[in-house]
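Coordinate-derived values only; no laboratory data. In this text, all values refer to a predicted model and were calculated from it rather than measured experimentally. Don't worry about glycine lacking a Cβ; one is built from the backbone with ideal geometry, like all the others, and counts go over all protein chains shown.
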Amino acid sequence: MKFCPKCGKKLTANDKFCDRCGADVSQVPAARSQTQNNPVQSNAPLKKTVNKSTKNKRIRHNCLIAATYIILIAAGGMVFFTLQSQNHAMSLPFIGNKNAKFDETAKKLGFKDNNLSPDDMAGLTISFAHMHFMDDPDWNQAFDAAENGDLHIQSVPEYRFGDYDVQAPNGGAVYVVSPNVGYVVSDVAHPAQSKVTFVSRKGVGKEVFFPALAKKVSDNNTAKNKVQTIVKQVNVSKKTAKSSDDSSQSSSSSDKDTNSSTDKAKDLTWNDDKEEELADFMASFGKKMKQKYEEYDGENSIENIAGEKYPDDLEDRTFKLYSEGDDDDDDSTEIDIGWDPELKKDYDYHVVSIFNCNVGNPEQHITYLFAIHDNQPVALVDQTTNGDACMVKETSNKDVRNAFANIMAGKDADSDD
């Protein structure tokens, strides 16, 4: 085998002339010699092979570039989609398995599921506020009142905290803890999707997702262990509108509770036996609530941790009566009150017995003023920490109310009759 030196055609070793171009190839040696001596002839097919290899390399290189580009586009799209999904998820109250996580949190806190009642939500919210507003005396006072079973929260469509008017959103409610502080729940029927906003006379705070709030409480062992106690002690009532008659309506409602425990006697009396019975009850009640009450003995004045002195202040200070949910400046009513265990003086509220407990926090105290008003027993409670006037309300603790009513009627403190 040999190749034509002119056109490169492949020929046999015996060919004399090239049948393509007619060149004389009789003197052309066989391919082996030609490969060694004639680079032009031997490079023709080799050149073709090199070109093909280079082309393949370029194709592979271009494919790699294209593949890399496609991967980058896909990865970028995936990142964008993920970020968009995360942003979308963050814009929603709770999605995916967050409800399942809330179920777990609710069970850790002692609830059957995440379908919590307003009382349940109130207990958790008060516990959270106590953890995060430790320097706020109003929230501390609310928590102490809850522990004592003396916290009554009102659910209203709107309320004015100082200079701030707060309205409930659709499906939500404003919860008035005291005239100074409260909170707003965005969706009362669906706790797992609701937000809680804390409000006070100072303004409106940031929103907190309720499941996140519950998680914070469950992560704090002290708060977690007290939640069920707080929940059982808190009483939430619904109020459709705020009016100037709320105080009198509250008193009427309280009178009905009292009347179920006592006879309507025209002439009530107070004596040493009844005082002793009340003292025994308060000792038992204090032990139950993990509190220690000091009794006014009729001679030595009691001074509480806020600096109030009883019964001296009954004569020296202005006393105002308010009901739960009332603003103390606008809706409280000044009352005529004084120390009168013999029930002979001309007061509207005749105080016959006084018990005080200092709860340990700065200026936090629970002072019970057991009195007679309109010929009915009334257990007033004072938790005032500042201001010129002493603010009192009828206690929402049914045990204390009923015990005083029973004792005044000559019955045992824990009588159910």
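State whether the stretch 279-417 is rounded, prolate or oblate according to the following rule on the C-alpha gyration tensor (a ≥ b ≥ c being the square roots of its eigenvalues): a/c under 1.5 gives rounded; otherwise a/b larger than b/c gives prolate, and the remaining case gives oblate. Taking the square roots of the gyration eigenvalues as a ≥ b ≥ c, the stretch 279-417 is rounded. For the residue pairs Lys287/Lys344; Lys112/Lys215; Lys107/Lys288; Lys226/Lys287, the C-alpha atoms sit more than 22 angstrom apart in Lys287/Lys344; Lys107/Lys288. Model label sites at Tyr164 and Ala13, defined 7 Å from Cα along the beta-carbon direction, differ in position by 10.8 nm. Computed extension gain for Arg317 through Gln228, at 0.36 nm per residue and net of the alpha carbon distance, reaches 28.2 nm. Relative to the current alpha-carbon distance between Glu104 and Asp280, full extension at 0.36 nm per residue lengthens the span by 59.1 nm.
Looking at the stretch 367-411, the pairs of alpha carbons with a distance over 16 Å make up 40% of the total. Note on Glu207 and Lys292: the model spin-label points, each 7 Å out from Cα along the C-beta direction, lie 4.7 nm apart.
The stretch 100-238 has equivalent-ellipsoid semi-axes of 21, 17, 13 Å, by the square roots of 5 times the alpha carbon gyration tensor eigenvalues, sorted largest first.
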